[in-house]
Amino acid sequence: MCLRARSAPVSLPPELSAALTAGGRSSRFGQDKALAKLGGLTLLERAAGSLEGAGLRLLVAPPGRYVLPGWLGVPDTRPGEGPLAGLEAALAEVAARRGAGWVALCGVDQPALTPAYWAALWAARAVPGTLAVQALDPQGRAQPLAALYHTALRPRLTAMLDGGERRLRLAAPPEATATVAGLPGGVFSNVNRPEDLAALERQLGIGRLGEG
């Protein structure tokens, strides 16, 4: 089922958990893009900022690589196997600490996301039978790396990964995935290469202030 985005409070509910994945190799960027700066903040800090209201915040990354106040470090249990493995680790950690519930998965290369984005997805989770909520960009493409997932999906993810599947877009069955359309196009900016960062700077009208 696809819902249209509506105005929603920008404060996130404490029952929502957040998982920020920052374990990639940044091969296309040429350096650790999590630490690249945009407007005086790292991409890691900007992505985390959109989820500050979540009750439990997990940083899925190699131990000791980053320090992010207010976020609990969680090691990727399957290093190098992509965001699907990061989601599996996050769902396991949330289930152990909080029981069943919803997790907002976010990649570090998505620094333009906002609390309003997550609030719109949160509102769509109430559709009966929903286990995942994904936004649709202006071209109608689902965004699985900036989405909500329920902890009930963990056994499915484990079976997929054990079987060699790595595609995050298959994390939830289509019939259990709600989609949200009508969100501002700018929030979908994705930074994979230096030129992507430069384009986002121009879009936001800011520079990499304070970058050494």
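Looking at Glu195, Glu93, which one is part of a helix (DSSP H, G or I), touching a strand residue (DSSP E or B) at 6+ places or on another chain (Cβ under 7 Å) and either within 26 Å of Ala34 (Cβ to Cβ) or open to solvent by 30 Å² or more (accessible area, probe 1.4 Å) (or both)?
Numbers: Glu195 fails: touching a strand residue (DSSP E or B) at 6+ places or on another chain (Cβ under 7 Å).
Result of the check over Glu195, Glu93: Glu93.
Do we have Leu105 as assigned to a loop (DSSP other than H, G, I, E, B) and either modelled with pLDDT of 95 or more or surrounded by 21 or more Cβ atoms within 10 Å (Cβ to Cβ) (or both) here?
Numbers: assigned to a loop (DSSP other than H, G, I, E, B): no; either modelled with pLDDT of 95 or more or surrounded by 21 or more Cβ atoms within 10 Å (Cβ to Cβ) (or both): yes.
For Leu105, the condition - assigned to a loop (DSSP other than H, G, I, E, B) and either modelled with pLDDT of 95 or more or surrounded by 21 or more Cβ atoms within 10 Å (Cβ to Cβ) (or both) - is not met.
Just to be sure before I move on: is Thr177 hydroxyl-bearing (Ser, Thr, Tyr), in contact (Cβ under 8 Å) with a residue 24 or more places away in the chain and buried (at least 21 other Cβ atoms within 10 Å of the Cβ) in the structure I sent? Give the derivation first.
Working: hydroxyl-bearing (Ser, Thr, Tyr): yes; in contact (Cβ under 8 Å) with a residue 24 or more places away in the chain: yes; buried (at least 21 other Cβ atoms within 10 Å of the Cβ): yes.
Spelling it out, Thr177 is indeed hydroxyl-bearing (Ser, Thr, Tyr), in contact (Cβ under 8 Å) with a residue 24 or more places away in the chain and buried (at least 21 other Cβ atoms within 10 Å of the Cβ).
Hey, among the residues in segment 52-83 that are surrounded by fewer than 22 Cβ atoms within 10 Å (Cβ to Cβ) and in contact (Cβ under 8 Å) with a residue 60 or more places away in the chain, which one's farthest from the chain's Cα centre (by Cα)?
Here the residue is Arg78.
So how many residues does segment 123-151 have that are within 17 Å of Gly182 (Cβ to Cβ), open to solvent by 10 Å² or more (accessible area, probe 1.4 Å), touching a strand residue (DSSP E or B) at 6+ places or on another chain (Cβ under 7 Å) and outside any strand (DSSP E or B)?
3
The values are calculated or read from the model by the stated rules, or taken from the named source; none is laboratory data. Being a predicted model, the structure only gives us computed values, none of them experimental. Here Cβ is always computed from backbone atoms with ideal geometry, including for glycine, and neighbour counts include all displayed protein chains. Ligands, DNA and RNA are excluded from the accessible area calculation, which covers all protein heavy atoms including side chains. Shrake-Rupley method; radii C 1.70, N 1.55, O 1.52, S 1.80 Å.
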